[in-house]
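**Student:** Can you keep this structure in mind? I'll have questions shortly.
The values are calculated or read from the model by the stated rules, or taken from the named source; none is laboratory data. Treat the numbers as computed from the prediction; the structure is a model and nothing was measured. Methodologically, a virtual Cβ is constructed for each residue, glycine included, from the backbone with ideal geometry; neighbour enumeration extends over all protein chains shown. Note: areas computed on protein heavy atoms with side chains; ligands, DNA, RNA excluded. Shrake-Rupley method; radii C 1.70, N 1.55, O 1.52, S 1.80 Å.
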Amino acid sequence: MRALLLVDLQNDFMPFGALPVADGDAVIPVANALMERFSLVVATQDWHPSSHGSFASNHPGASPGDVVDLFGVEQVLWPDHCVQGMPGASFHSALDVGGVDHVIRKGADPAVDSYSAFFDNDHRTDTGLAAFLEERVAEDLVVMGLATDYCVKATVLDACGLGFAVTVIIDGCRGVEMQDGDSERAFAQMRSAGARTIALADLI
């Protein structure tokens, strides 16, 4: 079976959100168009407590974009975002959530971030996604979402490492781009790991 994985299509990652991804809302129509083609659709949600260690506000004197050591893992600090139960953590209102079969929430442990849909950033705790997919004999994954250079990249690299066949929809992704070219470098890393990167129009 082939499954569609929608990464973090949440309000706080939209242009109007707390951690805006430029043109992030442009991927919502892509997601809606893709869902019609799949019998299994999984969506992820960042789901942080307000005390999360990735929030710059929880590090006195720090600013978003600073890098710290968070219990042995290098961590970029972010504005408060996708706080559990808050509007920013909700899926974009235009996303056809009725087409989503399963939701994976990640990043709930305040001591470690979770970019990937599969593991926390320290790779000590998994989200249960791999087992969920394996139970349904979903060996091929089509991935899209936000943001290319962080959560999409981490998800794709882990999926490849776990042995899934992975296709990334380029026009279904947008990046944070803290440095110019981060998204293109992320796509290159995904391809090096074995993923295929294509446009929506080329998906067969």
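**Student:** Is it true that Val156 is open to solvent by less than 60 Å² (accessible area, probe 1.4 Å), closer than 20 Å to Leu95 by Cα and either outside any strand (DSSP E or B) or modelled with pLDDT under 95 (or both)?
**Tutor:** For Val156, the condition - open to solvent by less than 60 Å² (accessible area, probe 1.4 Å), closer than 20 Å to Leu95 by Cα and either outside any strand (DSSP E or B) or modelled with pLDDT under 95 (or both) - is not met.
**Student:** Give the number of residues within segment 177-204 that are out of contact with any Cys (no Cβ under 7 Å at 6 or more places or on another chain), surrounded by 13 or more Cβ atoms within 10 Å (Cβ to Cβ) and on the phi > 0 side of the Ramachandran plot.
**Tutor:** 1
**Student:** For segment 124-170, which residues satisfy the criterion of being charged (D, E, K, R) and over 15 Å from the mean Cα position of the chain (by Cα)?
**Tutor:** The answer is Arg124, Glu134, Glu135, Arg136, Glu139, Asp140.
**Student:** Sticking with this structure for a sec: Suppose we keep only residues that are out of contact with any Gly (no Cβ under 7 Å at 6 or more places or on another chain) and in a helix (DSSP H, G or I) within segment 59-95. Which one would you say is most open to solvent (accessible area, probe 1.4 Å)?
**Tutor:** My answer is Pro87.
**Student:** Restricting to segment 105-120, what's the tally of residues that are buried (at least 20 other Cβ atoms within 10 Å of the Cβ) and part of a loop (DSSP other than H, G, I, E, B)?
**Tutor:** The total comes to 9.
**Student:** Here is a follow-up. Keeping to segment 155-201, report how many residues are acidic (Asp, Glu) and touching a residue at least 60 places away in the same chain (Cβ under 8 Å).
**Tutor:** Matching residues across segment 155-201 total 2.
**Student:** Follow-up. Of the conditions (1) buried (at least 16 other Cβ atoms within 10 Å of the Cβ); (2) part of a loop (DSSP other than H, G, I, E, B), Ala130 clears all except one; give me its number.
**Tutor:** (2)
**Student:** Additional query: Going by the conditions given, is Ala117 touching a residue at least 60 places away in the same chain (Cβ under 8 Å), of a type outside the set (Ser, Thr, Tyr) and touching a Leu at 6+ places or on another chain (Cβ under 8 Å)?
**Tutor:** Details: touching a residue at least 60 places away in the same chain (Cβ under 8 Å): yes; of a type outside the set (Ser, Thr, Tyr): yes; touching a Leu at 6+ places or on another chain (Cβ under 8 Å): yes.
Judged against the criteria, Ala117 is a match.
**Student:** What number of residues within segment 14-36 are closer than 20 Å to His102 by Cα and either at pLDDT 95 or above or assigned to a strand (DSSP E or B) (or both)?
**Tutor:** Within segment 14-36, residues that are closer than 20 Å to His102 by Cα and either at pLDDT 95 or above or assigned to a strand (DSSP E or B) (or both) number 9.
**Student:** Could we say that Val42 is in contact with a Leu (Cβ under 6 Å, 6 or more places away or on another chain) and in a loop (DSSP other than H, G, I, E, B) here?
**Tutor:** No: the conditions fail for Val42.
**Student:** Given the conditions (1) open to solvent by less than 40 Å² (accessible area, probe 1.4 Å); (2) farther than 19 Å from Trp47 by Cβ; (3) not in a loop (DSSP other than H, G, I, E, B), which single one is not true for Ala138?
**Tutor:** Condition not satisfied by Ala138: (3).
**Student:** Every residue in segment 159-204 that is assigned to a helix (DSSP H, G or I), closer than 23 Å to Val76 by Cβ and small (Gly, Ala, Ser), please.
**Tutor:** Across segment 159-204, the qualifying residues are Ala159, Gly161, Ser183, Ala186, Ala188, Ser192.
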